[in-house]
1. So which residues in segment 81-140 are basic (Lys, Arg) and closer than 16 Å to Ile192 by Cα?
2. Answer yes or no as to whether Ser171 is more than 18 Å from the chain's Cα centre (by Cα) and at pLDDT 90 or above.
3. Taking the conditions exactly as written (buried (at least 17 other Cβ atoms within 10 Å of the Cβ), of a type in the set (Asp, Glu) and within 18 Å of Ile191 (Cβ to Cβ)), does Glu89 satisfy them or not?
4. Take Leu53 and tell me if it is touching a residue at least 24 places away in the same chain (Cβ under 8 Å), over 22 Å from Asn183 (Cβ atoms) and not acidic (Asp, Glu).
5. Looking at the structure I just gave you, is Val88 under 14 Å from the mean Cα position of the chain (by Cα) and assigned to a loop (DSSP other than H, G, I, E, B)?
6. Which one of Thr61, Thr41 is assigned by TED's automatic domain parsing to the domain that holds Val150 and assigned to a helix (DSSP H, G or I)?
Amino acid sequence: MKIKAIEQRIIIKAEELFFKFGYTKTTTEDIAREASVSKRTLYKYFRSKSHILETLIIKLTTIMTNELNRIIQSKSSFPEKLHDALIVERQILSKVSRHFIEDIQRNVPEVWNELSEFRKDIVNTVFANLLEEGISAGYVNKNINRGIAVLVMISVTDLIINSSIEKTLPSNLSALIPQGIDNIFEEIINIIYNGILDKPITYNKS
């Protein structure tokens, strides 16, 4: 078997185990067994479990970056680009369990910090560019506060991956939040596209 194929199989099995059981509870023995390789073979390609995690994170962030860049550079309309960008983010994040995220936050803070920086960079570039395109094309209100809009998008990703935010809600409201990142994202997309108002209203700012 080619070296690249062995590496890919190890990463695929590590991804499955990390997302199902968490990073901390998964051992290199578990990964080697699921990948049908010896520990000695595993260590030929990866220095440690943390090295496997770092490689997995690079894989996921590279996929997301490439897909988002492809969407931004396409000739699709603004609504299509926004929809496709949200779907890409949803597809990547829906694979990631919340207990994996919480595990990383607690036990591998350096990796979590890298992920946080990546998330901010993606939102600040991709979403900010999309916002400007939407304004130029007449889809988005030109008077919208761009800084607040980008901040809202960052907060959206926080809501998706950080279950502790839900604990700030009273129990009757937190009970309404669907289970699973995929379902939460579906609701967020609906709000972004359809808003919360049945009909426009006016108000006095003073």
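1. Across segment 81-140, the qualifying residues are Lys81, Arg90.
2. Numbers: more than 18 Å from the chain's Cα centre (by Cα): yes; at pLDDT 90 or above: no.
It is false that Ser171 is more than 18 Å from the chain's Cα centre (by Cα) and at pLDDT 90 or above.
3. Details: buried (at least 17 other Cβ atoms within 10 Å of the Cβ): yes; of a type in the set (Asp, Glu): yes; within 18 Å of Ile191 (Cβ to Cβ): yes.
Criteria met by Glu89.
4. Details: touching a residue at least 24 places away in the same chain (Cβ under 8 Å): yes; over 22 Å from Asn183 (Cβ atoms): yes; not acidic (Asp, Glu): yes.
It is true that Leu53 is touching a residue at least 24 places away in the same chain (Cβ under 8 Å), over 22 Å from Asn183 (Cβ atoms) and not acidic (Asp, Glu).
5. Values: under 14 Å from the mean Cα position of the chain (by Cα): yes; assigned to a loop (DSSP other than H, G, I, E, B): no.
The answer is no for Val88.
6. On the way: Thr41 fails: assigned by TED's automatic domain parsing to the domain that holds Val150.
After applying the criteria, what remains is Thr61.
The values are calculated or read from the model by the stated rules, or taken from the named source; none is laboratory data. Since this is a predicted model, take the numbers as computed values, not measurements. Heads up, the Cβs are rebuilt from the backbone with ideal geometry, glycines too, and the neighbour counts pull from every protein chain shown.
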